[in-house]
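Colleague: Handing you this structure, nothing more for now.
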Amino acid sequence: MPGSFKTEAIVLRSIRYGEADRVLHLYTPDRGRVGAVAKGARRVKSRLGGRLEPLSRVRLVMHEGRGELCTISQADMVQPYAALRDRRASLERATQACEAVLRLLDSTEANPPAYNLLCNELALLDASAEAADRAQALAFRLKLLLAAGFAPELASCAGCGEAEHLRAFSPSAGGVVCAGCEAGSFPLGEEAHRFLVGALSRSLAETPEAPEPALSQADRAIAETAEYHAHVRLRRVA
């Protein structure tokens with residue numbers, strides 16, 4: 001029903017619209033993806049402009065009318081994540097994280113775990129340059145797949161349930177596979193498998209380390225899972 005509501009949000013993307021407005025892609029804990037317009041946000045004296053930068057965590061009052069976009073009437077900053085903007089690697093990782101949310105979570109249904117995961121990732125990138133490494137970026141994407149309902153099977157063969165000799169990954173089967181079910185799969189070494197299991201079971205702050213070849217295999221497993229099951233193409237993590 002049309003009317004005003006309050007929510008918290010991460011600004012995923014901001015697009016110039018008209019002479020002075022901005023159209024925003026937001027992710028909220030209680031409404032999922034929300035599209036909104038901030039009227040006059042690009043004017044010098046606007047009360048909204050500086051509080052609605054991409055990657056910011058904000059508290060909003062919005063009006064939901066009959067159109068597709070809500071209208072933002074009030075914005076207060078919760079966390080600007082200013083430090084990560086001063087480091088190129090951290091900024092790139094934060095942008096990649098928001099892009100992954102944009103692609104994987106296009107529903108208006110509430111998904112608090114996904115929202116909290118994104119907030120956690122931005123906070124870690126803001127706190128330390130070390131958080132911008134490839135392993136943590138992959139761990140974030142894997143956990144995002146879990147929050148979106150597309151996490152791969154890692155404990156046993158996705159084809160037959162075999163718990164041993166899991167040396168390949170099949171996007172179509174939905175996870176690791178044994179030798180007997182490896183048609184259409186690609187090799188997944190023990191270190192890559194161990195990384196995926198550890199990344200999914202530990203917090204982002206405790207993301208396990210792995211050598212680059214293992215991370216490349218894990219990256220492929222995550223990307224092809226998203227493409228096959230969520231029909232979303234994610235750029236590989238460099």
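Colleague: Return yes or no: is Ala135 of a type outside the set (S, T, N, Q) and in a helix (DSSP H, G or I)?
Modeller: It is true that Ala135 is of a type outside the set (S, T, N, Q) and in a helix (DSSP H, G or I).
Colleague: Determine whether segment 197-220 contains at least one residue that is buried (at least 23 other Cβ atoms within 10 Å of the Cβ) and in a helix (DSSP H, G or I).
Modeller: For segment 197-220, residues buried (at least 23 other Cβ atoms within 10 Å of the Cβ) and in a helix (DSSP H, G or I): present.
Colleague: Within segment 94-113, is there a residue that is of a type in the set (A, V, I, L, M, F, W, C), in the same structural domain as Ala223 (by TED's automatic domain parsing) and more than 28 Å from Ala214 (Cα to Cα)?
Modeller: yes
Colleague: Now a separate question. Can you pull out the residues in segment 1-47 that are of a type in the set (Gly, Ala, Ser) and either surrounded by fewer than 19 Cβ atoms within 10 Å (Cβ to Cβ) or part of a strand (DSSP E or B) (or both)?
Modeller: Gly3, Ser4, Ala9, Ser14, Gly18, Ala20, Gly32, Gly35, Ala36, Ala38, Gly40, Ser46 - these are the residues of segment 1-47 that are of a type in the set (Gly, Ala, Ser) and either surrounded by fewer than 19 Cβ atoms within 10 Å (Cβ to Cβ) or part of a strand (DSSP E or B) (or both).
Colleague: Please enumerate the residues belonging to segment 18-36 that are among the acidic types (Asp, Glu) and either under 13 Å from Glu8 (Cα atoms) or modelled with pLDDT of 95 or more (or both).
Modeller: Result: Asp30, single match.
Colleague: If a residue must be surrounded by 14 or more Cβ atoms within 10 Å (Cβ to Cβ) and under 15 Å from the mean Cα position of the chain (by Cα), how many such residues does segment 114-130 contain?
Modeller: 11
Colleague: When the residues of segment 135-152 are filtered to those that are of a type in the set (A, V, I, L, M) and touching an Asp or Glu at 6+ places or on another chain (Cβ under 8 Å), which remaining residue is surrounded by the most Cβ atoms within 10 Å (Cβ to Cβ)?
Modeller: Leu138
The values are calculated or read from the model by the stated rules, or taken from the named source; none is laboratory data. Only a predicted model underlies this, so the values are computations on that prediction, with no experimental measurement involved. Cβ atoms come from the backbone with ideal geometry, glycine included; neighbour counts cover every protein chain shown.
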